[in-house]
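Take a look at the structure set out below.
The values are calculated or read from the model by the stated rules, or taken from the named source; none is laboratory data. None of these values were measured; they are calculated from a predicted model. Cβ sites come from the backbone with ideal geometry, for glycine too, and all protein chains shown count toward neighbours.
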């Protein structure tokens, strides 16, 4: 079982000093129903945590818009753009087991998916006793001065706030994992490799806590920023039209794995036509080079963006069972 008592003691001491953050835990509502709205198949979480005491201000005006894509009454499939108040939607289990998972949904850095790679995963985790936090992070190309760093800044801040509010959510601050999908997988991979990078100025007591996840699971992640493996849409939205080779390298997580990266769970379908499986293999190579415990699962079919619902009937269908088992193996759950 994963037991790092020195780190656990330090985290708990930090919480005792920091106390509970002074700002309210539900300042900004979750993404609204938005364009194409229709009744929700399942109720959304109504509890949120705003990331920043003072909302960040973009260089150009932005307006948050949520769009419904699903035409099937059996499920919702929303995405949100124009996020200026980054926040987490909280899914509390009926009987919390002390574990927490930060979820960073995908969307090619063009938008952030709400349901398929966010709320659906959160409900699965909450049903297992895990407190889930779905992160609606800022999009790098939507008016931010330090655009390429804002998704990581939001993810670091989110991880720290989960630990900061650990007593409120009955969470063990030394059992906080991260998972992300597609471009959200890039956010997750950036967090597990650059958790110590100073990409924002500390704001309050929460920023004295570690942003290192205790385990991380980038799922069909965007990793490479250079051709031929790069997902060019994510690359353009993150780095602009013509980034330099040095910039591509700086934002390719597999090239920056530290010796103290957390254990990782990697998953990809080999027929992924959007984000080549080479991305996961590159990250695996970088992790293995640093002797980081890594569990890798490759499947012949599944395509891209299967999440939970779209994995049904394919070889990748049972990946959530493997993921939950891995969380137990790493000591995130018991």
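If you check 248, 241, which single one turns out to be at pLDDT below 95 and under 22 Å from residue 137 (Cα atoms)?
Working: 248 fails: at pLDDT below 95.
The unique qualifying residue is 241.
Those strands (runs of 3 or more DSSP E) of segment 130-225 in which 1 or more residues are touching a residue at least 60 places away in the same chain (Cβ under 8 Å) and farther than 21 Å from residue 330 by Cα occupy 131-136.
Among the residues that make up segment 158-169, is at least one of them over 16 Å from the mean Cα position of the chain (by Cα), surrounded by fewer than 24 Cβ atoms within 10 Å (Cβ to Cβ) and under 26 Å from residue 242 (Cβ atoms)? Checking segment 158-169: not a single residue is over 16 Å from the mean Cα position of the chain (by Cα), surrounded by fewer than 24 Cβ atoms within 10 Å (Cβ to Cβ) and under 26 Å from residue 242 (Cβ atoms). Which number in (1) assigned to a loop (DSSP other than H, G, I, E, B); (2) surrounded by fewer than 20 Cβ atoms within 10 Å (Cβ to Cβ) marks the one condition that residue 246 misses? Every listed condition holds for residue 246 apart from (1).
Restrict the check to segment 129-136 and report whether at least one residue is in contact with a helix residue (DSSP H, G or I) (Cβ under 7 Å, 6 or more places away or on another chain) and within 18 Å of residue 195 (Cβ to Cβ). Yes.
Quick check on my filter: what residues within segment 226-239 are surrounded by 17 or more Cβ atoms within 10 Å (Cβ to Cβ) and over 17 Å from the mean Cα position of the chain (by Cα)?
The answer is 229, 230, 231, 235, 236, 237, 239.
Residue check: residue 26 meets all listed conditions (1) farther than 16 Å from residue 206 by Cβ; (2) touching a strand residue (DSSP E or B) at 6+ places or on another chain (Cβ under 9 Å); (3) modelled with pLDDT of 80 or more but one, namely (3).
Residue by residue, here is whether (1) over 19 Å from the mean Cα position of the chain (by Cα); (2) buried (at least 20 other Cβ atoms within 10 Å of the Cβ); (3) not in a strand (DSSP E or B) holds:
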| residue | (1), (2), (3) |
| --- | --- |
| 241 | yes, no, yes |
| 265 | no, yes, no |
| 273 | yes, no, yes |
| 302 | yes, yes, yes |
| 322 | no, no, yes |
